[in-house]
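To start, the structure itself, in structure tokens.
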Amino acid sequence: IKNGPCINRKYVQTIVDFIRERISILPTVGIVCGSGFGKIASRMKNAQVLKYEDIPNFPRSTVVGHPGNLVFGEFGGKMVVVMQGRFHMYEGYERQQIAIPIRVMKLLGVEILLLTNAAGGLNRSLKVGDLVCIKDHISFPGMSLNNVLAGPNDEDFGERFIAISDAYDSTLRSIFKKVVAEMNFSDVVKEGVYAHVGGPNYESPAECRMLLMIGADVVGMSTAPEVLVARHAGIRVFALSLVTNVSVLDQESKEKASHEEVLRATEARVDDVEKLFEEMISRL
Ligand code: CYT
């Protein structure tokens, strides 16, 4: 196992100091925006923006649909920081670098993290546009020593060995479900297991059949590493997948996944997610 940069307390503190010198807002809630979800921040009040490229030691966004901004502001009556654009290992980052923004959030004071992602729908009951509240995950990189937490452990953040049986906070899921029912979104919201794969290619039909067989409902290339870093540091987590395409299980099918399709599907649902999150945050 290679040691990438050690994302220890000192490394993260330099970033936090840089942010604190420029931003007066002290966030308690963090949001990570998946592909095309950057718009979630559009209703924030008194927003202050830092570009990733202007923050020393911070990774850069390289994927279309991931603008690369940290936005601070008021949302749902709370102080919030939004990551417009996330990092994936397939972009070439050392796996430890995925931890940087989450540890920055921790030192800024974030206690609750909401994550979004674009995902393929494996479960045949899922349709494009459905939202899946994640209750558990299967992470192939996580299980195979491409785990974001592998490497020297910084005890300042958390313990070496952590339980993740309660990673997806049941109280936060209940609050979300209540908001969903009250705002009449019940018919498009489900709950399920997220399979995390390395990417960057979309999954093959045989891979999708396997994922379905082992108990996954949706599949994507993100979220699980950030969840692990957040749980390691004691941040409570809520994660939501948007089904941007229905996974192809049959080689003979003419259907094909594409990033354009993913961004189109997100565009159609991002305002709804923004409203649900705003209401959910107001109840935290
Ligand atoms: N797969 C994926 N859609 C997919 O089918 N990894 C993201 C979005």
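In the set ILE164, ILE134, ILE175, only one residue is surrounded by fewer than 20 Cβ atoms within 10 Å (Cβ to Cβ) and under 20 Å from VAL229 (Cβ atoms); that residue is ILE164.
Looking at the structure I just gave you, is LEU122 within 13 Å of the ligand (Cβ to nearest atom), crowded, with 21+ Cβ neighbours inside 10 Å and not polar (S, T, N, Q)? For LEU122, the condition - within 13 Å of the ligand (Cβ to nearest atom), crowded, with 21+ Cβ neighbours inside 10 Å and not polar (S, T, N, Q) - is met. Out of the residues in segment 188-231 meeting the condition of being in contact with a Phe, Trp or Tyr (Cβ under 6 Å, 6 or more places away or on another chain) and surrounded by 22 or more Cβ atoms within 10 Å (Cβ to Cβ), tell me which one is farthest from PHE37 (Cα to Cα). So the residue we want is VAL197.
For segment 234-255, a tally of residues being loosely packed, with under 12 Cβ neighbours inside 10 Å and in contact (Cβ under 8 Å) with a residue 40 or more places away in the chain returns 3. Just one of the listed residues (ILE138, ILE164) is part of a strand (DSSP E or B) and touching a helix residue (DSSP H, G or I) at 6+ places or on another chain (Cβ under 8 Å), namely ILE138. Which one is nearest to the ligand (Cβ to nearest atom) among residues in segment 232-273 that are in a strand (DSSP E or B), within 17 Å of the chain's Cα centre (by Cα) and not small (Gly, Ala, Ser)? Of everything passing the filter in segment 232-273, THR244 is nearest to the ligand (Cβ to nearest atom).
Among residues of segment 74-117 being small (Gly, Ala, Ser) and touching a His at 6+ places or on another chain (Cβ under 9 Å), the one that is nearest to the ligand (Cβ to nearest atom) is GLY85.
When segment 211-231 is examined, which residues are found to be away from the ligand (no atom under 14 Å from the Cβ), among the hydrophobic types (A, V, I, L, M, F, W, C) and assigned to a helix (DSSP H, G or I)? Those that are away from the ligand (no atom under 14 Å from the Cβ), among the hydrophobic types (A, V, I, L, M, F, W, C) and assigned to a helix (DSSP H, G or I): MET213, VAL227, LEU228, VAL229, ALA230. Counting residues in segment 146-157 that are at positive phi, crowded, with 16+ Cβ neighbours inside 10 Å and part of a loop (DSSP other than H, G, I, E, B) gives one or more.
Taking residues in segment 110-131 that are at positive phi, and partners anywhere that are of a type outside the set (Asp, Glu) and within 14 Å of the ligand (Cβ to nearest atom), the pairs with Cβ atoms closer than 8 Å and at least 6 places apart or on different chains are GLY129/LEU242; GLY129/VAL243; GLY129/ALA265; GLY129/ARG269. Based on what the data block shows, is TYR168 among the hydroxyl-bearing types (Ser, Thr, Tyr), within 16 Å of the ligand (Cβ to nearest atom) and in contact (Cβ under 8 Å) with a residue 24 or more places away in the chain? In short, no.
A count restricted to segment 15-47 and to residues that are among the polar types (S, T, N, Q) and surrounded by 15 or more Cβ atoms within 10 Å (Cβ to Cβ) stands at 2. In this structure, PHE238 qualifies as under 30 Å from GLU159 (Cβ atoms), among the aromatic types (Phe, Trp, Tyr), in contact with a strand residue (DSSP E or B) (Cβ under 8 Å, 6 or more places away or on another chain) and at pLDDT 95 or above.
So that you can scan it fast, the table gives a plain yes or no per residue for (1) among the polar types (S, T, N, Q); (2) more than 24 Å from TYR93 (Cα to Cα):
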{"site": "SER125", "(1), (2)": "yes, yes"}
{"site": "VAL128", "(1), (2)": "no, yes"}
{"site": "CYS133", "(1), (2)": "no, yes"}
{"site": "ILE138", "(1), (2)": "no, no"}
{"site": "LEU145", "(1), (2)": "no, no"}
{"site": "ALA150", "(1), (2)": "no, no"}
{"site": "GLU155", "(1), (2)": "no, no"}
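If you go through segment 35-68 and keep only what is within 16 Å of the ligand (Cβ to nearest atom) and farther than 19 Å from GLY92 by Cβ, you end up with GLY36, PHE37. Of the candidates SER282, SER204, SER186, the single residue that is on the phi < 0 side of the Ramachandran plot, away from the ligand (no atom under 15 Å from the Cβ) and free of Cβ contacts under 8 Å to residues at least 40 places away in the same chain is SER186.
The values are calculated or read from the model by the stated rules, or taken from the named source; none is laboratory data. Since the model is a prediction, treat every value here as computed from it, not as a measurement. All Cβ positions, even for glycine, are placed from backbone atoms using ideal geometry, and neighbour counts span all protein chains on display.
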